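Here's the structure we're looking at; comments come further down.
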Amino acid sequence: MSTTIAQTSLTAAAEKYEPVIGLEVHVQLNTATKIFCGCSTRFGAPANSQTCPVCLGLPGALPVLNREAVVKAVRASLALNCQINERSVFARKNYFYPDLPKGYQISQYDKPIAEHGWLEVDAKNGGTHKIGITRLHMEEDAGKNMHEGFADSHQFSYVDLNRAGVPLVEIVSEPDMRSPEEAYEYLTRLKEIMLYLGVSDCNMEEGSLRCDANVSVRLRGAEKFGTKAEIKNLNSFRYLQRALEYEIERQIGVLESGGRVVQETRLFNVSEGKTFPMRSKEQAHDYRYFPEPDLAPLIVSSAWRDELAATLPELPRQKRNRLMNEYGLTAYDADVLTVSQELADYFEAAAKGSKNPKAVANWIMGDLTAHMKATNTTLADTKVRPNQIAELAALIDEGAISGKMAKDVFAKMAESGEPPRSLVASMGLQQVSDPAALEKIIDEIMAANPKQLEQYRGGKTPLFAFFVGQVMKATKGQANPALVNDLLKAKLG
Amino acid sequence: MTDPAVLTIDSVRSAMRNKQTTAAALVERFYAFIDDADRQVNGYLTLCKERALAQAGKIDALVDQGAELPPLAGVPVAVKDVISTAGVRTTCGSRMLENYVPRYDATAVQRLEKAGAIILGKVNCDEFAMGSSNENSAYGPVRNPRALDRVPGGSSGGSAAVVAAGTAVVALGSDTGGSIRQPASFCGVVGLLPTYGRVSRFGLVAFASSLDHIGPFSRTVKDSAQLLQAIAGRDPLDSTSADVPVPDYVAALDQPIRGLRIGVPSDAFASGLDPRVEARVREAIEVFRRAGCEIVDISLPNNQYAIATYYIIATAEASANLARYDGVRYGFRNKDAATLAEMYRRTRDQGFGAEVKRRILLGTYVLSAGYYDAYYKQAQRARALLAADYRKAFQQVDVILTPTAPTPAFKLGEKTGNPLEMYLADIYTVTADLVGIPGISVPCGDADGLPVGVQLLGNYFAEARLLQLAHHFEQLRAQAPASAQA
């Protein structure tokens, strides 16, 4: 079929091209109050209930910079290896839109708070890849236009300005990414860092993490970048990847059919899985930036910067490496356990008191995670304390209980929060690890099953399992399986 | 009780203290006077009698309790209609804000009331403080009380006029390029431009944020000193307000002025200056010389760029500051528009007057891609050069003396057809706003019955020095025989 042929040739064509991707990520800072006034930033409050003359843009109101927003922006910048500009300047970005109360957004333009950073991501072929960060600047968020859900929505739109003035940082990457997967990875790592810093909740659904992508393609080996398109409306990690995949294919298609890519802004349409150009009117902006005269230049002294640098937590990548070195974890396990700071802390609290960190890791990634998922709970409210995980692992290692018993103990422990050692006792689960006692049982079983013994000795080795089963039956499953194995092997000959 | 037109802050306060009148009675008396005298002047746009009487009640209660009276106790004040007053309509002289009622008070207003002053109402001005004649108000021009066929100056024409007419004891105005000093000169009253950052701008509806100032109007220099005392000082709500201690301005008034150095710039008497104004200003220089001041010739080489610089920076900032008047949240909205873009266009076309639109267009142009460097950036450089000139000058002299305006009050309609000529009315005043230094205009005589003002400019935060010299000048003129005043 013709479509199949077209697709095949496109796939072949795709090999000839290399995508070039840069991301512009908006991160909402989780300050208690807005960037230029004292209004609350709480999400989900009744429309326009968190507003004042300043964030409503009433005549005569003036902005006053929120110090906490600066603190969070500087910490984010430092975690992204940026240079902090000692003097940065707020600027007005002028455009008309109903969700923008002043008719300009207070942002930063030619003198942002931070520049020249980088973020390390895992490369496809192993190793790491540094993605450059051009700049990080501070700005205020706009409000939200509401076109639906009102009795007169066919006639009017409404505006909710609760979000107007919520602090944002915009993090602009260099065009250093070469695949949608890498863009996905970059955004994942960026989010992880912001969460570790505690500067944002990075909730994409609530809009506290937003992403635009610049993408172009060029022939592999070419030095010059192709013409880029900017893609907006990427409000999930999955959409980012899908939109990039679509857009790359589209641009290759345009080039392969002899056309030229147009520099434009495109919107990702989720239901169609495609990008469409915005109306040209909407993108023909001259923002007429100029320094914001209502705010003095922002000064971040090197002393203040250093003070804030000292507050940075261990970041995910460092933590991963340390967990691998310190606890002998695999890269995969370290990755899973550092997904959040809470999980990593939990693991470390458990592993510190354990001789078997690997087992501790498995319990956390396995049964504990499954339990939390099943009961819709989080680490904060689970009854299982880290030292109990360590204790459970130790009970197995000591031979006190089998792995299978431990699973039962875990289930009870998750329910009641009781320590595993006392559960083992109360559940009557003490494992039989006394060789003399087990030998006695084995002797009895051998005596009671002469036929099977003969067959086994005659070469029917699968009957070994029969004897194991008999021992387990006799001990109500409490025999130490490893010991039973060893003893049986020796006795059966 | 005496004629309202001769009251001062001190006389009102002592009348309260001595129970010669009550604040409530004084307020009633002023409203009666306004009702009568303001008809021709058109100074007041909105009266706030309820608020005034409430405040008067508080003052009268203090008197009854025998409590210490605050410094401006019972003083009737008019407030320019670009300064926000909670619950009292603030139009900015614009149709755009015809029905706009702020929900908060400007810091200056709050401080005035805290000091015991009584706000009578809001006074007329050029639309969004853009103009030099008060003819750009959507609510009709203000007439000069000294000559009703003439303009009161602008943009704080209403503030100057009501103080001159006696329908307020003192007033607040705003100055972005001369809008306090020039009307003060035209109406024969005192007008003070404080240092940028001396008085909070919070609540002052922005025209050009880096140039806007709130300042006092009064009939005596001492009243301006007292008014400034009440409103000056750091305000956490205005990031550009200065954290500099506020001196005792009244205490400084009577300090001797002998030996102070007064600089007269080489271009102070340039072409375009009305010879009658020149004569009065030269007489003022003589008054200071006779009082023992040293008159020093100085040069301010970049002054010639001031007007061009001013109209680039002021309009650029205005184009952004006035963007919020879009019909979405408050103020005028054209309701017939079918699309958002059309609503913006029609609202702004119909809500703004010609001068405001002219300046928005100019400001949008100078900030546009491809023009920014040639205009806005260049203007910022010129502004820095001007500031350097003045800093240098103030190493040589204590104050700089010039005419306040090149002419006395001109006739209504005389210059409305020629915006560029109108812009030149600011030629002596714009520089102080650009540089951020304080200035004062004090009456120095008449030109064929029309008031003339002389301007003194001081170093940053040297308001006390300006008030001191202006106060001495005022006293010396009052003592001099009428002939010497010409």
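The values are calculated or read from the model by the stated rules, or taken from the named source; none is laboratory data. From a predicted model like this one, the values you see are computed outputs, not experimental measurements. Note that each Cβ is placed from the backbone with ideal geometry, even for glycine, and that neighbours are counted across all protein chains shown. Ligands, DNA and RNA are stripped out before the accessible areas are found, and what is left, the full protein with its side chains, is counted by its heavy atoms. Shrake-Rupley method; radii C 1.70, N 1.55, O 1.52, S 1.80 Å.
Using Cβ point charges alone (K and R +1, D and E -1), the dipole size of the range A:316-426 about the Cα centre works out to roughly 160 debye. With respect to chain A, whose longest principal axis is taken over its alpha-carbon atoms, helix A:316-327 is tilted by about 20°.
Ordering of A:402-413, B:369-380 by packing is A:402-413, B:369-380, highest average first (other Cβ atoms within 10 Å, averaged per residue).
Computed in the context of the full set of protein chains, the accessible area of chain B at 1.4 Å probe radius has 51% of its extent on carbon or sulfur.
Contact order, relative form, for the range B:4-252: 19 percent (alpha carbon pairs under 8 Å, 6 or more residues apart, mean separation divided by residue count). Could you tell me which of rounded, prolate or oblate describes chain A, using a ≥ b ≥ c as the square roots of the eigenvalues of the alpha-carbon gyration tensor, with rounded for a/c under 1.5 and, failing that, prolate when a/b is larger than b/c and oblate otherwise? Since a/c reaches 1.5 and a/b is larger than b/c, the shape of chain A is classed as prolate. Of all beta bridges that DSSP places with both ends in chain A, some 90 percent have antiparallel geometry. Each label point was placed 7 Å from the Cα along the Cα-to-Cβ direction; for residue A:472 and residue B:5 their separation is 11.4 nm. Count the net charge of all other residues whose Cβ sits under 10 Å from the Cβ of residue B:201, scoring Lys and Arg as +1 and Asp and Glu as -1. Net charge around residue B:201: -4.
Report the antiparallel proportion of the DSSP beta bridges in the protein assembly as shown as a percent, rounded to a multiple of 5. Given both bridge residues lie in the protein assembly as shown, the antiparallel proportion sits at roughly 80 percent. To the nearest 0.05, what FRET efficiency results for residue A:383 and residue A:322 with a Förster distance of 35 Å applied to their C-beta separation? So, using R0 = 35 Å, E works out to roughly 0.80. Cα gyration tensor of the range A:316-426, axes a ≥ b ≥ c as square roots of the eigenvalues: rounded (a/c below 1.5), prolate (a/b > b/c) or oblate? In terms of gyration-tensor shape, oblate. Between residue B:14 and residue B:446, the FRET efficiency from the beta-carbon distance, with R0 = 22 Å, is close to 0.10.
Note on the range B:33-183: Cα-Cα pairs beyond 18 Å make up 53% of the total pair count.
For the range B:300-450, the fraction of alpha-carbon pairs lying more than 23 Å apart is 53 percent, rounded to a whole number.
For the range A:319-371, what does the alpha-carbon gyration tensor say about shape, rounded, prolate or oblate, given a ≥ b ≥ c as the root eigenvalues, a/c under 1.5 as rounded, and a/b over b/c as prolate? Taking the square roots of the gyration eigenvalues as a ≥ b ≥ c, the range A:319-371 is rounded. Rounded to the nearest 10 degrees, the angle from helix A:464-474 to the longest Cα principal axis of chain A is 90 degrees.
Rolling a 1.4 Å probe over the protein heavy atoms gives the range A:13-306 an accessible area of 43 Å² per residue.
About the Cα centre, and with charges only on the beta carbon of Lys, Arg (+1) and Asp, Glu (-1), how big is the dipole of chain B? Nearest 20 debye, please. Value, rounded to 20: 540 debye. Subtracting the Cα-Cα distance of residue B:266 and residue B:340 from their residue separation scaled by 0.36 nm leaves 21.3 nm. For residue A:111, the aspartates and glutamates whose Cα falls under 18 Å of its own Cα, not counting residues fewer than eight places away in the same chain, are A:24, A:86, A:139, A:140, A:170, A:174, A:292, A:294, B:373. With bins 10 Å wide beginning at 0, the percent of Cα pairs of the range B:258-332 falling in each bin runs 15, 27, 23, 16, 14, 5, 0.
By DSSP, the beta bridges lying fully in chain B are antiparallel in about 65 percent of cases. Solvent-accessible surface of chain B, taken per residue with a 1.4 Å probe and all protein chains present: 35 Å². Each Cα pair under 8 Å and six or more residues apart adds its sequence gap; the mean of these over the residue count of chain B is a relative contact order of 17 percent.
Just the ratio, please: alpha-carbon radius of gyration of the range A:13-306 over 2.2 N^0.38 Å, N its number of residues.
The reported ratio for this selection is 1.03.
Counting protein heavy atoms only, chain A has 53 percent of its accessible area on carbon and sulfur, 1.4 angstrom probe. Highest mean first, the peptides B:96-104, A:295-303 sorted by other C-beta atoms within 10 Å per residue fall in the order B:96-104, A:295-303. Take the accessible area of B alone and of A alone, subtract that of the pair with a 1.4 Å probe, and the total buried over both chains is about 2800 Å².
Calculate the FRET efficiency for residue A:457 and residue A:355 from the Cβ-Cβ distance with a Förster distance of 25 Å, rounded to the nearest 0.05. Efficiency at R0 = 25 Å is approximately 0.05.
Could you order the peptides B:211-217, A:108-114 from most to least packed, using the average number of other C-beta atoms within 10 Å per residue?
Highest mean packing first, the order is B:211-217, A:108-114.
With the whole protein complex present, residue A:381 retains an accessible surface near 90 Å², based on a 1.4 Å probe. Simple spin-label estimate for residue B:299 and residue A:299 gives 3.4 nm between the two label positions (7 Å along the Cα-to-Cβ direction from each Cα). Our helix-only sum for the protein assembly as shown, with -39,500 (n - 2.57) per DSSP H run of n ≥ 4 divided by its residues, gives a mean residue ellipticity at 222 nm of -12500 deg cm²/dmol.
Taking the chain by itself as reference, the range B:194-224 contains these residues with an accessible-area loss of 40 Å² or more in the full protein complex (1.4 Å probe, heavy atoms): B:202. A simple rule links phi to the HN-Hα coupling: the Karplus curve 6.51 cos²θ - 1.76 cosθ + 1.60 with θ = phi - 60°, which for the range B:251-263 gives 4, 6, 4, 8, 4, x, 10, 4, x, 5, 9, 10, x Hz, with x for Gly and Pro.
Based on alpha-carbon atoms, the Kirkwood radius and the radius of gyration of the protein assembly as shown give Rg/Rh equal to 1.16. Each of residue A:124 and residue A:257 was given a label point 7 Å from its Cα along the Cα-to-Cβ line. The distance between the two points is 2.6 nm. Here the extension length gained between residue A:14 and residue A:412 equals 137.8 nm, from 0.36 nm per residue of separation less the Cα-Cα distance. Accessible area per residue for the range A:435-492 is 58 Å², calculated with a 1.4 Å probe on protein heavy atoms, without ligands, DNA or RNA. Net charge of the neighbourhood of residue B:234, taken over other residues with C-beta under 10 Å away and scored Lys/Arg +1, Asp/Glu -1, is -2. Only lysine pairs 8 or more places apart or on separate chains count here, and in the range A:435-492 those with Cα atoms under 17 Å apart total 8. Bridgeable lysines around residue B:222 (alpha carbons under 28 Å apart, same-chain partners fewer than 8 residues away excluded): B:19, B:49, B:58, B:80, B:114, B:122. Within the shell defined by Cβ-Cβ distances under 14 Å, the residues around residue A:121 carry a net charge of -2, with Lys and Arg each +1 and Asp and Glu each -1.
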